[in-house]
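Read the structure below first, then the notes.
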Amino acid sequence: MAGLTFGIQTPPFHDFTRMTADWQRFESLGWDSIWLPDHFVPTFRRDLPFFESWTLLSALAMVTNRVRIGVLVSCNTFRHPSLLAKQAATVDHVSNGRLEVGLGTGWVEFEHTMFGIEYPDNAERVDRFGEAVQVLDLLLRNEVSSFSGAHYQLDGATFRPAPIQQPRPPLTLAAHGPKMLGLIAPYVDRWNSMGSREEMGERGKRLDAALVAAGRDSGSVVKSVLYVPSVTPDEDPWASLDAFTDFVGRYREQGVRDFIFQPAHAAPDLIERVAHEVLPGLR
């Protein structure tokens with residue numbers, strides 16, 4: 001189990017005082033990373049309030065000190081990748097170099113419709129995502145960048161200040177199918193997905209093949225799973241300490257090294273016991 005890392009994703013439907021207390025508590029318990037999702041409304045409880053992720057992330061960076069932070073994952077259809085790159089560089093400075101940059105295609109059509117945001121078809125969203133990853137990589141690495149794509153263009157774009165993390169903050173990219181995995185293979189540092197252990201294993205094999213095709217070591221990318229109760233209802237790592245350990249072990253067999261959990265239904269004392277009694281041994 002050596003080399004495993006563990007994070008928490010906190011949907012932002014609590015007030016800022018509660019969010020601050022939660023993040024400070026998770027950091028004090030020793031979790032390796034804390035993340036926010038990127039939506040305008042909760043996908044499974046539309047009646048709840050929801051903060052904007054990058055604005056909130058910048059504020060929460062100021063009330064934490066050690067933990068890695070990020071948006072898991074930013075919705076590409078919400079922001080031009082140039083804006084996302086500037087947000088990322090800013091938060092990297094605010095957090096003193098603790099940022100992980102997450103990006104995905106965007107997948108919840110109804111929230112786009114609600115807020116009047118264009119929702120391209122699958123093929124175009126994938127193409128936009130592929131270009132956005134390249135734009136992010138260029139801007140975060142270079143002082144001046146140019147790019148000519150079908151969807152995004154840069155014309156001698158100056159980018160100052162550079163991020164604190166060099167050559168750039170790590171990219172956490174969400175992808176499933178062969179085309180998207182091929183698009184991210186040259187750039188990805190952490191690959192994240194949701195699903196059963198069988199699904200994660202199969203996607204991980206496709207990622208390995210894409211990495212080799214891109215001339216990269218198949219072991220050079222961290223494979224990460226996000227546990228969301230509604231996505232994998234047959235799994236419940238929060239049922240007990242043994243259930244948590246068993247969950248990690250079964251996904252670890254599929255090559256997963258980074259585990260991120262939504263704690264919504266977990267008892268606070270169980271989260272603390274997992275952090276103190278389980279995580280040290282798993283690491």
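So the values come out like this:
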read-out: Subset of region 225-252 [within 22 Å of T172 (Cβ to Cβ), out of contact with any Pro (no Cβ under 7 Å at 6 or more places or on another chain) and outside any helix (DSSP H, G or I)]; value: V225, L226, V228, P229, S230, V231, T232, E235, P237
read-out: Verdict on E198 being out of contact with any strand residue (DSSP E or B) (no Cβ under 8 Å at 6 or more places or on another chain), of a type outside the set (V, I, T) and not in a strand (DSSP E or B); value: yes
read-out: Residue ID - modelled with the lowest pLDDT, chosen from residues in region 251-271 that are loosely packed, with under 15 Cβ neighbours inside 10 Å and among the charged types (D, E, K, R); value: D269
read-out: Qualifying residue in region 43-53 (condition: hydrophobic (A, V, I, L, M, F, W, C), out of contact with any strand residue (DSSP E or B) (no Cβ under 9 Å at 6 or more places or on another chain) and modelled with pLDDT of 95 or more); value: no
read-out: Meets criteria (out of contact with any strand residue (DSSP E or B) (no Cβ under 9 Å at 6 or more places or on another chain) and in contact (Cβ under 8 Å) with a residue 24 or more places away in the chain) for T77; value: yes
read-out: Unmet criterion (only one of (1) touching a residue at least 40 places away in the same chain (Cβ under 8 Å); (2) surrounded by fewer than 21 Cβ atoms within 10 Å (Cβ to Cβ); (3) part of a helix (DSSP H, G or I); (4) not aliphatic (A, V, I, L, M)) for D92; value: (2)
read-out: Among the candidates Y227, Y187, Y251, residue that is among the hydroxyl-bearing types (S, T, Y), in contact (Cβ under 8 Å) with a residue 24 or more places away in the chain and closer than 18 Å to W31 by Cα; value: Y227
read-out: Some residue of region 102-110 being in contact with a Leu (Cβ under 8 Å, 6 or more places away or on another chain), part of a loop (DSSP other than H, G, I, E, B) and farther than 22 Å from V135 by Cβ; value: no
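A quick yes/no check of all residues on (1) modelled with pLDDT of 95 or more; (2) more than 14 Å from the chain's Cα centre (by Cα):
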| site | (1), (2) |
| --- | --- |
| Q165 | yes, yes |
| R190 | yes, no |
| R203 | yes, yes |
| D208 | yes, yes |
| V225 | yes, no |
| S230 | no, yes |
| P233 | no, yes |
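The values are calculated or read from the model by the stated rules, or taken from the named source; none is laboratory data. Since the model is a prediction, treat every value here as computed from it, not as a measurement. FYI the Cβ positions are ideal-geometry reconstructions off the backbone, even for glycines, and counts take in every protein chain you see.
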